[in-house]
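This report refers to the structure that appears directly beneath it.
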Amino acid sequence: MKKVITLLLSVFFLAVFLNYSPIMEKITGRIMGIPVSSAEQIDRLLAGKNEEMISSKITLNGKKAPYDKNSNTVFIPQNPDNDSWEGKLKTESGHIYLSRDELLSDKSSAISTGHIFQLYLINENTYSVCNMVFTGMPIINITLPDSGPRDINLGVDGLLDVTDPYRIADSIKNIPCTYALRGASARGYEKSSYKLTLDNKKVSLLGMRRDDDWILNALYDDFGLIHNKFSYVVWREIAQNNTVANDEGTTMEYAELFIDDEYLGVYGLTERIDAKELSLKDKDILYKCRAMRIPEEHNYSNERTDGLQPIFLLKHPKEFTQKDWDPLKTWVNLFCKEQMTSYEEGYKLLNMENAIDYNLFCMLMCGRDNMRKNIYFIAEYQENGEFAFKKVPWDLNATWGNQWVDDEACNYSKYIPESVSEVDAWCTDIDTLYYYNETAVSELLLDRWQELRRTILTKERLYEILDEQFGYLYLTGAYARNYQRWPHGAEYWKDNYIYQYIDGRLAFLDEYFELLYMDSLEPAVYMGVDYSEEFNVRYYWQTNRETLEELYPYDKQLLLEHYALYGKPFGLKAKIDGT
């Protein structure tokens, strides 16, 4: 019996040794299955051997480790919350040795600082040296064949590896894929965004839905890498707090991207907004607005017209007729072409709960690039045969104080402190509807704003989301690597800007929405004359803001005095009647 027990224990310890458990690695001086050696030990191993360029591929858990040929660096994803170094490193030929380094005993610091370790690949007569960096962020690695067509506009074929240290089940190996350039103005950026298509295989990536069609957002014009991700999280929390079905929009997760052995920085892997994401039914219709131009009859097409890209795209159903444009035409006619005849007519075309939430969201983030453009419009079919519109946001880089700035060399987004008090960020439909019933719309906005301020839109909760995202970017080491690779924008951005904006914006909107409602209840009387039929404080302020904002705050009586003495254009009457 003792012999049997002894034999079993021997087998057990042999198995442990062969598998290099974390405990045994510490005892034997191994990390991830490879020896950790001193400088003297490595010098002895290199004696008499010739150095060559790295030729042997290093594998991580059986698949090619991400490699940047420009810096001769292998990147190894790790979960910084786990104490031990995870995974197995191997090479196609020879042996790998890791140079001893004090940060091998401080995993979190090694990851967050992007510390560079030294790997030695030693064969019988030759050796090569490469850097190794541990990252706390998932890696998307696309390997290209040695030959074949490479038209980035049409699409390039490759093999996709995803290594996710947080969701091991979502790590994939050698899936055939195609990637192609995407975006309009973004095509001219140094750092490109891509459409990523998996060939005949739907998989879950980074904890998101199972799909074969993804977007790799370069975040090149999203200074701080934060505005898109933060906005998507905040919108989802708002939408999940209302009773509207399927208006939460998309999800994005950060990853570091490698293509053809080149490090390309931090990307936002994003689920496409489509019929699947929104749980659309057969009779529902999905449109995407790409430009602020107001369409004419010939512009309702997915094809170029007037030599320009489409204003709207019809995205669902895939097989559609010209009649499927009719709900959108109605929306445009009422809210963009001043053909609305009553408040009730506009009200019934909208899912008002979604419309109010989206308008508050747009105002909160000062999304002036998202008031009509960069929105997915869902025309949801109703039992009475009519449609009600819902909106979900898209492309949210120019938000939270960042605004587009025209520059002679290029356009870019930059933090503008005056955004804190910006009032002209209403989305098109609620903006129009307001002038037909100021009291009803301003009351809906105030009531919902105050409800959200008690639950989701507290400073503490918004700070918590930001801290989590910034913490992740910094502690993974990826933030610094991205801006070392792509320094564009770093000179315009400081992380505290967005916190400053939130502080000021919440306080401003608390007062703004209350004043908006109270002003709608009080007549516009100055020196005994009632101007209520022709004066609207919000319209007058927005229309004349460049002239007035240095002289007056947003105050009804002061602005009414200015209007009575000097005012043109004529407030509400000019807005509705064009007089």
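The values are calculated or read from the model by the stated rules, or taken from the named source; none is laboratory data. Just so it is clear, the structure is predicted and the values come from calculations on it, not from any experiment. FYI the Cβ positions are ideal-geometry reconstructions off the backbone, even for glycines, and counts take in every protein chain you see.
Table for the structure above
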{"quantity": "Selection within the range 373-399 - among the small types (Gly, Ala, Ser) and touching a Ser or Thr at 6+ places or on another chain (Cβ under 8 Å)", "calculated": "Ala398"}
{"quantity": "Test: residue in the range 234-248 that is closer than 28 Å to Glu303 by Cα and crowded, with 20+ Cβ neighbours inside 10 Å", "calculated": "yes"}
{"quantity": "Strands (runs of 3 or more DSSP E) completely within the range 357-451 that count 1 or more residues being crowded, with 20+ Cβ neighbours inside 10 Å, touching a residue at least 40 places away in the same chain (Cβ under 8 Å) and of a type in the set (Val, Ile, Thr)", "calculated": "375-381, 387-393"}
{"quantity": "Test: residue in the range 332-342 that is part of a loop (DSSP other than H, G, I, E, B), more than 28 Å from the chain's Cα centre (by Cα) and of a type in the set (D, E, K, R)", "calculated": "yes"}
{"quantity": "Leu433 being closer than 23 Å to Leu506 by Cα and aliphatic (A, V, I, L, M)", "calculated": "no"}
{"quantity": "Selection status of Ile96, more than 27 Å from Leu475 (Cα to Cα), in contact with a strand residue (DSSP E or B) (Cβ under 8 Å, 6 or more places away or on another chain) and buried (at least 17 other Cβ atoms within 10 Å of the Cβ)", "calculated": "yes"}
{"quantity": "Any hit, the range 164-185, residues being basic (Lys, Arg), surrounded by 18 or more Cβ atoms within 10 Å (Cβ to Cβ) and closer than 19 Å to Tyr472 by Cα", "calculated": "no"}
{"quantity": "Which numbered condition Cys130 misses (of (1) assigned to a loop (DSSP other than H, G, I, E, B); (2) surrounded by 17 or more Cβ atoms within 10 Å (Cβ to Cβ))", "calculated": "(1)"}
{"quantity": "Total residues in the range 241-297, condition more than 23 Å from Gly155 (Cα to Cα), assigned to a loop (DSSP other than H, G, I, E, B) and assigned by TED's automatic domain parsing to the domain that holds Tyr479", "calculated": "12"}
{"quantity": "Selection from the range 411-452 of residues that are among the hydrophobic types (A, V, I, L, M, F, W, C), closer than 28 Å to Lys329 by Cα and in contact with a Leu (Cβ under 7 Å, 6 or more places away or on another chain)", "calculated": "Val441, Leu445"}
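Listed here are the residues, each with its yes/no results for (1) touching a residue at least 40 places away in the same chain (Cβ under 8 Å); (2) over 31 Å from the mean Cα position of the chain (by Cα); (3) surrounded by fewer than 19 Cβ atoms within 10 Å (Cβ to Cβ).
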site	(1), (2), (3)
Ser109	no, no, yes
Ile116	yes, no, yes
Leu119	yes, yes, no
Thr135	yes, no, no
Leu144	yes, no, yes
